[in-house]
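Before any comments, here is the structure.
The values are calculated or read from the model by the stated rules, or taken from the named source; none is laboratory data. None of these values were measured; they are calculated from a predicted model. Neighbour counts are summed over all protein chains in view; Cβ atoms, including those assigned to glycine, are modelled from backbone coordinates with ideal geometry.
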Amino acid sequence: MREPNAVDFWRGLALITIFVNHIPGNTFERYTYSQYGISDAAELFVFLAGWSIGIATRNRDGSPEPRLKSVLRLLSRTIEVYRAQITTMALALGMIAGAALFLDNPLLLEWHNAGGFFADPIQTMVGFVLLTHQLGFFNILPLYVVLLGIAPIFVLIGRVSRVAALVLSFALYAASLVFEWNLPSWPGEGDWFFDPLCWQLLLVLGFTMQDWSRTSPWLKRWSRRLLPLGLVIVVTGIVLSVLELRPDPLLVPDPRLVFTFDKTYLSPARVVHFLGVLLAFQAVYAVLAPRLGWVTNFLASLGRNSLAVFSIGSLLSLAAQLVRFWTGGGVVVDVFVVGSGLFALGFTAWFVEWRSRKPRLSSP
Amino acid sequence: MVRRMALPQTAALLALSLSLLWYRSGESAYAQEPAAHQDPVVKQDPVVKAVPPAPTVVSPPSVVVAGQGADVEAVDVALSPECRVPGSKLYTLARLGAVKDALKENRPVRVLAIGASTMGLGASATYPVKLETALERSLTNVDVVVESRGLQGEIASGAGERLRSMVAEVEPDLVIWQVGSHDALARVDLEAFGSALDETVQWIKGHAIDVVLVSPVYTASLAKDDYYTSLVRKVQEVAQREGVPLVQRYEAMRYLARSNDKGEGHLLGTQFRLNELGLRCMAEHVTRAITLSLLQPDPVSTGTAGRPALTLAPPNDAVGAKPTPPAGP
């Protein structure tokens, strides 16, 4: 178990934010930082995933591990994430169907795109394993599977030239933005909620910046100097989101996705805002960590076990939604569901680490 | 997707329907149809009779008295037998200018269907496909292209935001929005829901795109839920305030629930069969509301253009023009 660090800390915060935001309508939603900016926790999560790839594919002394080992490591992680997605989706569908039966309420079956599965299981089962049928709020892991799947290409190119990896990534991003390339949803119409062809930019940015920050004093110097710019961007983001000012997608010039604040295609405004957040908050961890005490340890423990915490968090969000609907909601219910959810997330992280410390449990 | 080229007859048909309207406007027939007619079976329009190739679009809903003894309301026989609901329970109508323009210009009508359940039953009969088929059957010789998108759980202004992206992507003439399911499940504050819906509908209309709202489903366990029925009423209010047609899925399914009650009581699964029926009928119900809304008169060019279109066909059990408040079974 590693000591708390900035990456795990922020990833822990992103996980909690995603958990709370995935209970739409709850009281605490308006207190998450996602409500005060153009980008949100998803950007942070994907960027930090890229950053972690940078750390994971290098030895402690910073020398790159053998190529094949990196490729196999990423492949193994892809399989792990895929397995997590299939498991959480199956459990989510079971929870929705169970709640619909228990409450005698078919409306629940339409929840978050689940209707397709219950109405047309033959096609949807295929879409389910192909990740082309996604439930609402269960669409980040499919993105992550694809990103990890294509990560070896960028990692290997990055070994030769970081600039080449960035240029390739940016070119794919720009083309997808202009031509609206996305992976299709199936069955049903439409596309993926998170377009991997666009979102890969953040993963590659995270990966190359980790590498760069390790070796380049230039990057460190300039990120300090640009801190005021970061603050300006963050304040602008707060003003725009509080006043709900955003471009009208039917009035912007073509290609429209370049000018809107589109989440699916990760519009440039979101990238710029996220980079601004990064600049503004680069030194905050060092200031906060010693002062927050157990909160630092808590967030870092979530971040260290992000896949397990994210998966359980998705299911807890769904459970919280069902409880809110069943009970009618209200502040007391919100305090209960969010509070017990945070406790369960903490327990999940602890449990995963406890299990890995005791590798040979005797089977019951 | 069923794609057919629009034929030149379209303009003629439209002109026909418009002239028909002009002819009928004195009677204000649509304001009272269909239940208000005492002798509904013999109700026939002379103009329709006079023009043999009249398409379905111009036939006003002929009505028969439902067989149920307790319920002497007239059902709209233009619908399939299992989907028959009195028009007053089914829709409120308003003008659909953008679709009319598309018909006049003889180009395909692009429809964007948005909602929680964009899927139907079985691969060959999904809701978008059924909707497209039903619309093309109703608007003869018109090519209708239906695109459907599911919302992934967004609520209130978040749903509006998502909808804007979808509209910008598809650039439709008409948006059919099944609204409110996710909001109901998230127990969104009703005022916040209403104002977000108002804002989004205004935005769509502001871009010269038509909107038809579809209220959330009816199910027995929710009929006693005050919050839920208030939300259904909110959708009605917004539709009326913004002057857009509304398909009263809640009312229609409640009607079907009563007429389909075979004395099973509240056995597990009854509501699920009703839900299936509701989904199956939705394409027809939506089509009916659109077809009749297309017969709404154009606003007179002198001064009334900015006024929201009248919401016609008030439910017969409501006072004045107020929509039926959803109630328990």
Wholly enclosed helices (runs of 4 or more DSSP H) of the range A:195-253 bearing at least 1 residues under 22 Å from A:T57 (Cα atoms): A:196-215, A:217-225
Residue within the range A:105-123 that is surrounded by fewer than 22 Cβ atoms within 10 Å (Cβ to Cβ), part of a helix (DSSP H, G or I) and away from chain B (no Cβ under 14 Å) present: no
Checking A:N182 against (1) part of a helix (DSSP H, G or I); (2) surrounded by fewer than 19 Cβ atoms within 10 Å (Cβ to Cβ), the condition it does not meet: (1)
Residues of the range A:326-349 classified as more than 19 Å from A:A14 (Cβ to Cβ), in contact with a helix residue (DSSP H, G or I) (Cβ under 7 Å, 6 or more places away or on another chain) and in contact (Cβ under 8 Å) with a residue 24 or more places away in the chain, total: 3
Tabulated pairs, the range B:64-91, first among the basic types (K, R), second at pLDDT 75 or above and not in a loop (DSSP other than H, G, I, E, B), C-beta under 7 angstrom, 6+ apart or interchain: B:R84/B:V75; B:R84/B:D76; B:K89/B:E251; B:K89/B:A252; B:K89/B:Y255
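For A:I238, state whether it is in contact (Cβ under 8 Å) with a residue 40 or more places away in the chain, surrounded by fewer than 16 Cβ atoms within 10 Å (Cβ to Cβ) and within 29 Å of A:P4 (Cβ to Cβ). Lay out the reasoning, then the answer.
Working: in contact (Cβ under 8 Å) with a residue 40 or more places away in the chain: yes; surrounded by fewer than 16 Cβ atoms within 10 Å (Cβ to Cβ): yes; within 29 Å of A:P4 (Cβ to Cβ): yes.
In short, yes.
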Boolean, A:A100 is hydrophobic (A, V, I, L, M, F, W, C) and closer than 24 Å to B:S148 by Cβ: yes
Any chance B:I209 is closer than 21 Å to A:V252 by Cα, within 12 Å of another protein chain (Cβ to nearest Cβ), crowded, with 24+ Cβ neighbours inside 10 Å and not small (G, A, S): no
Filter result for the condition that a residue is closer than 25 Å to A:G341 by Cα and surrounded by fewer than 16 Cβ atoms within 10 Å (Cβ to Cβ), over A:R67, A:R2, A:R60: A:R2
Hits in the range B:171-182 (condition: closer than 17 Å to B:V217 by Cβ and either facing chain A (nearest Cβ under 8 Å) or part of a loop (DSSP other than H, G, I, E, B) (or both)): B:V179, B:G180, B:S181, B:H182
Any chance B:V201 is closer than 21 Å to B:D101 by Cβ and either in contact with a strand residue (DSSP E or B) (Cβ under 6 Å, 6 or more places away or on another chain) or within 14 Å of chain A (Cβ to nearest Cβ) (or both): yes
Any hit, the range A:65-79, residues being under 20 Å from A:A286 (Cα atoms) and either touching a helix residue (DSSP H, G or I) at 6+ places or on another chain (Cβ under 7 Å) or in contact (Cβ under 8 Å) with a residue 60 or more places away in the chain (or both): no
Given (1) more than 8 Å from chain A (Cβ to nearest Cβ); (2) in a helix (DSSP H, G or I); (3) hydroxyl-bearing (S, T, Y), number of the condition B:T140 does not satisfy: (2)
